[in-house]
């Protein structure tokens, strides 16, 4: 279970990093095409937007696991150890529930987009479910990261 | 439910979760979700997918990870060391010496970096060892670094301004240009203060063998500044002359940062991989707050809380100055509770309609907001730049705060100046070349 989770975390982070690099490449290509060759590729804004969705959602788990998210520690640090742990667990459970709720509705959105065959109103006519899929995928990985964290707290307590 | 009660409940819940120490994006997300369910039941959540997709499929927001990547690449290739060294040489004759260098280096780094924390950390890391070995007063040094760092979000590029633009549909290119003159003016104001203070009361003790005698030849000083200046010209010039949108300028900046890194710094695969990973995590920590705030803003819109709030605020018939004073107070208080990104993404969608109704220039409001955020970044208990300098220097927080206090007055004074002379903000954006 945890080995599988680690592979998923790594894959998600790798995909998000690749999307970030692809973003640079495609936007620079458009600038060169437009200013040097005088033709616009007509797709950089569209594709860069899709890549941002990928960077965003696939990267959330990496930020969470890497401890890059912010929080106000001031009051937390004044609490006794046991109470603080209790609050952490309650908060993590609430966060997991919230992410799962959003994940569920995002997945329904993508399925409906697929069923209705939604296409981007652009030259590429991208089937929109493809870039939209990053949203539920990333949220699922994030939920998994929250779950792993809760499990490790439970293990420590036991 | 009464809309006012609902507003208070949602904001109260958010505040409780934040103060309880929940991770920021989760606190914002949970408050937003509960608010949607309270108004429309589970049915209301059906729009979530569309809200997230519509919000994140955005060319404007793409600038955030790209600008972060650009500064990460440069930072990891060690551009700050020669930058600091050359600027130290240039401003040496001014009273205040290296303290002046701190502000000037921060202002220049701010031109390739969109974050205050990153600017303070980048310059603080190279500056502090120098300052200590040269016997500078620690408090004065901390103050100049913490305050100088805040220029990161005023001088373009600026992540808060990208967010402001994406939530209000004001042009990010214009917002960036609006920050240029105030950014330079504020940097000069800081430098003037340092000079005056140094003349009244010397800021450094004489130390033997300070290294002042190690003089770089002038051509080295100039050569060290060339790559940096070049990048600044490409990025800001591209936006000003309309060759590139801010997002395109960011991508171009990344490409040139790679070239500069390969030519002058130790760019290799490992460094690049580290830069990408750090940018990804840093960007996503910000974007997560932004995404959560989209859900939050949707909750407000759904219950028409924003419109109601605007009507309610307008019903007081405050005159413009009283309204501005109230805003100032609100943001000073909020700055003590929220960090900069959350402050913008939560308050701007709510208050922007009222700001427009008062006939306040959206560019001016953006810059005033950024200065107020900078102020928040310097004030305890949560002023994030104080903690950055504390972490780098290992000094007690109290010492950092005491060094920073004089800058509070300068910033509030500067805010009054741009209120009296809004042209400082609006002049440059008015001169831009539109594509």
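The values are calculated or read from the model by the stated rules, or taken from the named source; none is laboratory data. Here the structure is a predicted model, which means the values were calculated and not measured. When we count neighbours, we look across all protein chains shown, and the Cβ atoms used for this are built from the backbone with ideal geometry, even at glycine.
Mind telling me which of the residues B:73, B:64 ends up being modelled with pLDDT under 95, closer than 30 Å to residue B:109 by Cα and buried (at least 23 other Cβ atoms within 10 Å of the Cβ)?
Result: B:73 is the single residue among B:73, B:64 that is modelled with pLDDT under 95, closer than 30 Å to residue B:109 by Cα and buried (at least 23 other Cβ atoms within 10 Å of the Cβ).
Cβ contacts < 8 Å: first residue without any contact (Cβ under 8 Å) to a residue 60 or more places away in the chain and within 8 Å of another protein chain (Cβ to nearest Cβ), restricted to segment A:93-108; second residue part of a helix (DSSP H, G or I) and surrounded by fewer than 16 Cβ atoms within 10 Å (Cβ to Cβ), any location; separation 6+ or different chain. Result?
A:105/B:46; A:108/B:46
In segment B:115-139, how many are assigned to a helix (DSSP H, G or I) and either over 21 Å from residue B:72 (Cβ atoms) or over 25 Å from the mean Cα position of the chain (by Cα) (or both)?
7
Within segment B:161-178, is even one residue closer than 19 Å to residue B:104 by Cβ and buried (at least 24 other Cβ atoms within 10 Å of the Cβ)?
No, segment B:161-178 contains no residue that is closer than 19 Å to residue B:104 by Cβ and buried (at least 24 other Cβ atoms within 10 Å of the Cβ).
Only helices (runs of 4 or more DSSP H) wholly contained in segment B:1-81 count here; list those with 3 or more residues that are within 11 Å of another protein chain (Cβ to nearest Cβ) and closer than 20 Å to residue B:351 by Cα.
B:24-40
Looking only at segment A:50-73, how many residues end up being in contact with a helix residue (DSSP H, G or I) (Cβ under 8 Å, 6 or more places away or on another chain) and either facing another protein chain (nearest Cβ under 7 Å) or surrounded by fewer than 18 Cβ atoms within 10 Å (Cβ to Cβ) (or both)?
Within segment A:50-73, residues that are in contact with a helix residue (DSSP H, G or I) (Cβ under 8 Å, 6 or more places away or on another chain) and either facing another protein chain (nearest Cβ under 7 Å) or surrounded by fewer than 18 Cβ atoms within 10 Å (Cβ to Cβ) (or both) number 15.
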